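See structure below.
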Ligand code: UDX
């Protein structure tokens, strides 16, 4: 099939590249000329394992193209994906102005019947808005379909090529058939393609992310209770996770969720509910708990060192909101660093991928950046583990102890073997253990 993908951000690039990989001819359209020129030369603006190789190969083989020109990108396209940003608006709802702008440009340039696909996470009702925006302009028939993505950063290629399920919201048979055909190569393992009405598909994405965010806030509260009653959250997690109604994944307590999806989607669903006169109480609490949890390590630090941290120096291992990404959006590291600074401390951080992103767009020179984890630890009053990168899991503990001014660890991700480090003479503070 010939496919156009509008928006060469995270979702658009991964989707476009994976559709090319499965044999389609794909043109990615973006208004950012610099980005498009870079992509043509194989410069990928985001860090995602495996993506760069896949882009290069598909460009070389002539299946993947990049352009800023809608008439070139839309020529003969049978399916056009909209994968532009939907930033939170001032009222907490997702702002769909870029989606509608893309839809109008698609309408102007389509050359035959086209399936228009909302790939961006959009509020319920957006497909209708897209249709209304396109109708006065389009010279050909079209259907608007909702096809939410469930990609995890760091595992996006795999998630796309081997999805647990594909959700397609289509109000016509014709559009549903084309979309099913397009996704068939990805579900050869037998995983399902669910076709449903558009509103249900739109809501599915929000419900999935809100449920996962709820699990995390729930486990974080269980961890907090564990500390009070002398229980160990690792044991409780295993104990409940073996019930297959609960399942063992996504039950890790820590210092709160971040990233581009959970915070935004939880907010958006609360907002949608509010607009319809419904108070989504549980999700409001999920947000509150998460905001508190991001400061958990700060509270433990002040319990240990006192409220005034003047002259103290803290080493942060990790800045990204999770490992295997350079993404800093809503990262707990931001809130924690600022709280430490406000209490008078200095902060020095190391992250294997996210330091440029942190320096350029989030923390600037509010904190210092170290070339490696041990360099960060050198002379620090304590180590705080913020992101669970694999390379942080089993450092040379003797060297770490020698580097730190005092051997104190605040393990925000529960990655250190508590017993071992305590035997080595560290003071250890984890989450719920
Ligand atoms: C998420 C969804 O998983 C994905 O399906 C959706 O399409 C986009 O949002 P992502 O934001 O990439 O993906 O990250 P994910 O791996 O799900 O982690 C989200 C946050 O939850 C991270 O901050 C992570 O540290 C935290 N988390 C995750 C926990 O605190 N505990 C867990 O057990 C799992």
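Read-outs throughout are calculated quantities, based only on the coordinates presented, and are distinct from any laboratory measurement. No experiment lies behind these values; they were computed from the predicted model shown.
A few remarks follow.
- Largest GNM mean-square fluctuation among 191, 24, 224, using the chain with Cα springs under 10 Å: 191.
- Using alpha-carbon coordinates, inclination of helix 296-305 to the longest axis of the chain, degrees: 20 degrees
- Length-normalised contact order of segment 128-216 in % [C-alpha pairs under 8 Å, at least 6 apart]: 31 percent
- Helix 198-229 and the long axis of the chain differ in direction by around 10°, with both axes built from C-alpha atoms.
- With one equal scatterer per alpha carbon and no solvent term, the Debye-computed log10 I(q)/I(0) for the chain at 0.10, 0.11, 0.13 1/Å reads -0.76, -0.90, -1.16.
- The DSSP beta bridges internal to segment 2-196 are antiparallel in roughly 5% of cases.
- With contacts taken as Cα pairs under 8 Å at a separation of at least 6 residues, the chain carries a relative contact order of 11 percent.
- Rounded to the nearest angstrom and listed largest first, the equivalent-ellipsoid semi-axes of segment 145-267 from its Cα gyration tensor are 34, 15, 12.
- The angle between the Cα long axis of helix 332-342 and the longest principal axis of the Cα atoms of the chain comes to about 40 degrees, rounded to the nearest 10.
- Directionally averaged projected area (segment 205-292, Cα convex hull): 6.2 nm².
- Taking each DSSP H run with n ≥ 4 as -39500 (n - 2.57) and averaging over every residue of the chain yields -12500 deg cm²/dmol at 222 nm.
- Whole-number percent relative contact order across segment 285-350, with pairs defined as alpha carbons under 8 Å at least 6 apart: 39 percent
- Top of 120, 406, 146 by mean-square fluctuation, Gaussian network on the chain, Cα under 10 Å: 406
- Space enclosed by the convex hull of the alpha-carbon atoms of segment 231-370, per residue, Å³: 147 Å³
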